[in-house]
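**Q** Sharing a structure, written as structure tokens. Questions coming.
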Amino acid sequence: MKQTRLGLAVFAIVAAASAGYLLARAHYVPLPGAEQRIARQLILYYTLSRTDDPIIVLGDSIVEASTLPRSACGHAIVNAGLNGASTTSDLGGWLTPALASKRAFAIIVSLGVNDALTAAPASKQVFAERYASLLRELSKLTTRLFVVEIPAVETRERLTADMEKAVMATLRDYRSTLPEVAKETKATLLALPPMAPPFTIDGVHLSDEGYRAWDAAVMQGTAQACGQ
């Protein structure tokens, strides 16, 4: 109850600060660390409000922790990563009002790991339906839509070998759906180059080695969007 009251108080401050963000908040789906995510969404709202024709990289903490270039072919690159995000997080419902009446030059989506890390992961059919639904919503905001292949996890830190085996089985199922999901939604699938272990710092979040591969995939998307 105390946490709920705190969340409502933070929301009241955010709503007072920006009427536009109030609309975005209406689509907000609470996640662990809800207050931090509200603050992160507010910063992104302000960033998008002053940015025209951005290249938006949308996704989870892997996106949020990345160090992307500031721009490509004259378009600002906006890091729209949100810690804990998955295909169930209604990212399109948040991004649409955050952009207001503007459009994105391109949107690059990187999601899927958090879907596989839940106690009871959805089937690959349900995952594909959720991802496709998100991409259809995002396709209303841009004509250049990209999907990054889901990164792997590895045995490291608290991620045991048994956990890696279970999560990777789910991730392989999810990955197998992406070519058809991309085709169905007219998105371009961006393959990840091979990652030499150790490619994470804790089994999930990418290390320098992991980001070399992930960055290469994202920048391939920006190059294609820019016609390079």
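The values are calculated or read from the model by the stated rules, or taken from the named source; none is laboratory data. Quantities reported herein were computed from a predicted structural model and do not represent experimental measurements. Cβ atoms come from the backbone with ideal geometry, glycine included; neighbour counts cover every protein chain shown.
**Q** Could you grab me the full set of residues in the range 57-77 that are of a type in the set (A, V, I, L, M), surrounded by fewer than 23 Cβ atoms within 10 Å (Cβ to Cβ) and not in a loop (DSSP other than H, G, I, E, B)?
**A** A72, A76, I77
**Q** Would you check if R172 is basic (K, R), closer than 24 Å to R130 by Cα and in contact (Cβ under 8 Å) with a residue 60 or more places away in the chain?
**A** no
**Q** Then there's this: So is A128 in contact with a Phe, Trp or Tyr (Cβ under 9 Å, 6 or more places away or on another chain) and surrounded by fewer than 19 Cβ atoms within 10 Å (Cβ to Cβ) or not?
**A** no
**Q** May I pose another question? Can you confirm whether T51 is surrounded by 20 or more Cβ atoms within 10 Å (Cβ to Cβ) and at pLDDT 85 or above?
**A** So T51 fails the test.
**Q** Further question on the same structure: Considering (1) at pLDDT 95 or above; (2) within 17 Å of L141 (Cβ to Cβ), say which one H27 fails and leave the rest.
**A** Of the numbered conditions (1) at pLDDT 95 or above; (2) within 17 Å of L141 (Cβ to Cβ), the odd one out for H27 is (1).
**Q** Let me ask you something else. Could you tell me whether the range 98-105 includes any residue that is part of a loop (DSSP other than H, G, I, E, B) and within 30 Å of K165 (Cα to Cα)?
**A** Checked the range 98-105: no residue is part of a loop (DSSP other than H, G, I, E, B) and within 30 Å of K165 (Cα to Cα).
Let's see how each residue does on (1) in contact with a helix residue (DSSP H, G or I) (Cβ under 6 Å, 6 or more places away or on another chain); (2) buried (at least 21 other Cβ atoms within 10 Å of the Cβ); (3) at pLDDT 95 or above:
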position: V153; (1), (2), (3): yes, yes, yes
position: R158; (1), (2), (3): no, no, no
position: M163; (1), (2), (3): no, no, yes
position: S176; (1), (2), (3): no, no, yes
position: A187; (1), (2), (3): yes, yes, yes
position: P194; (1), (2), (3): no, no, no
position: W214; (1), (2), (3): no, yes, yes
position: M219; (1), (2), (3): no, no, yes
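**Q** Among the residues of the range 82-125, write down those that are surrounded by 19 or more Cβ atoms within 10 Å (Cβ to Cβ), among the hydroxyl-bearing types (S, T, Y) and over 21 Å from I38 (Cβ atoms).
**A** Across the range 82-125, the qualifying residue is only S110.
**Q** Does the range 187-194 contain at least one residue that is in contact (Cβ under 8 Å) with a residue 60 or more places away in the chain and under 16 Å from P69 (Cα atoms)?
**A** No; the residues of the range 187-194 include none that is in contact (Cβ under 8 Å) with a residue 60 or more places away in the chain and under 16 Å from P69 (Cα atoms).
**Q** Residue under question is T200, and the condition is that it be in contact with a Phe, Trp or Tyr (Cβ under 9 Å, 6 or more places away or on another chain) and either surrounded by 17 or more Cβ atoms within 10 Å (Cβ to Cβ) or polar (S, T, N, Q) (or both); does it hold?
**A** Here the answer is no, as T200 does not meet what is asked.
**Q** Here's something else I'd like to know. Inside the range 110-228, counting only helices (runs of 4 or more DSSP H) that do not spill past its ends, which hold 1 or more residues that are farther than 17 Å from D60 by Cα and more than 15 Å from the chain's Cα centre (by Cα)?
**A** 124-138, 161-185, 208-225
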